[in-house]
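Working notes for the structure below.
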Amino acid sequence: MAQLEVMISGGFNGPYNAMLPEFQKMTGITVTTKSGASQGSGPKTIKAQLGSGMTADVVILSREGLTELMAAGKIIPGSDVDLAMAPLGLGVPAGTPKPDLSTTQAFKEALIKAKRIVVPGSTSGIYLTKELFPSLGLADQITVTVTERGSQATTLLAAKEVNVTIQPSSEIVNVAGVDYVGRIPNELQLIQTFSAAIVAGSTQRESAQKLIQYLSSAKAIDPIKNRGMDLVSK
């Protein structure tokens, strides 16, 4: 029985979890899933975990994070495949009023009114805290909590410890205690591509390739669309 280890960040988790049981049933390959952030500075990033000796055959993360792994020689060249794209979305605690996101000004006012914002410390959070919020002049008008993982951000939101989260839409859709409001305005967007690749040193290359092919096949179309993501332009 083939055993496969996958390390995945939050962005593609929804489609992955929806598709995994069928893949295991169809192929007889047993998959163990580990979790890590695409980017960031903590010990929970995929890069840090691989660097400290954690094993994986396949990684699934943002293209930005994958580029870092490739530069570090952690990925088998040519094994990377783009799976789906996730626009940034905004979420509020379930049952609370949904702000207007139709224009940059409306979005900005919604954040000032919300005051307490949470973002994940990975690719999207880096963009929001270093680029978007400063460019909108929001630095002094909002309080931003940065969590290591997107799932921690939605947990804080569901508990009403913060009023708004901004993170990849796929990490907000279908989360208990959270209402997905919608995508942030196009001109402010960071659309992340989530990709899979085989880790250098993997002894399960054939099984790893089968999984990546399955996740990028036509079977992925509905799971991707149902979780707030977009198909990769071919």
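Tabulated values for the structure
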item	result
Lys, Arg +1 and Asp, Glu -1 on Cβ, resulting dipole of the chain about Cα centre, debye, nearest 20	220 debye
Members of Lys113/Lys160; Lys34/Lys130; Lys130/Lys225 lying beyond 18 Å, as alpha-carbon distances in this model show	Lys34/Lys130; Lys130/Lys225
Other-chain or far-sequence residues with amide H under 5 Å of Asp57's (modelled H)	Glu5, Val6, Met7
Filtered trypsin sites (Lys or Arg not before Pro), the range 23-119: DSSP coil and at most 13 other beta carbons within 10 Å	Lys115
Listed residues Ala139, Asn226, Val175: farthest to the positive end of the dipole of the chain (Cβ charges)	Val175
Stokes-Einstein D for the range 88-188, Kirkwood Rh over Cα pairs, 4 °C, 1.567 mPa s (µm²/s)	99 µm²/s
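No lab work stands behind these numbers, since they all come straight from the coordinates. Quick caveat: nothing in here was measured; it's all calculated off a predicted structure. Please note: Cβ atoms are built from the backbone with ideal geometry, for glycine as well, and neighbour counts cover all protein chains shown.
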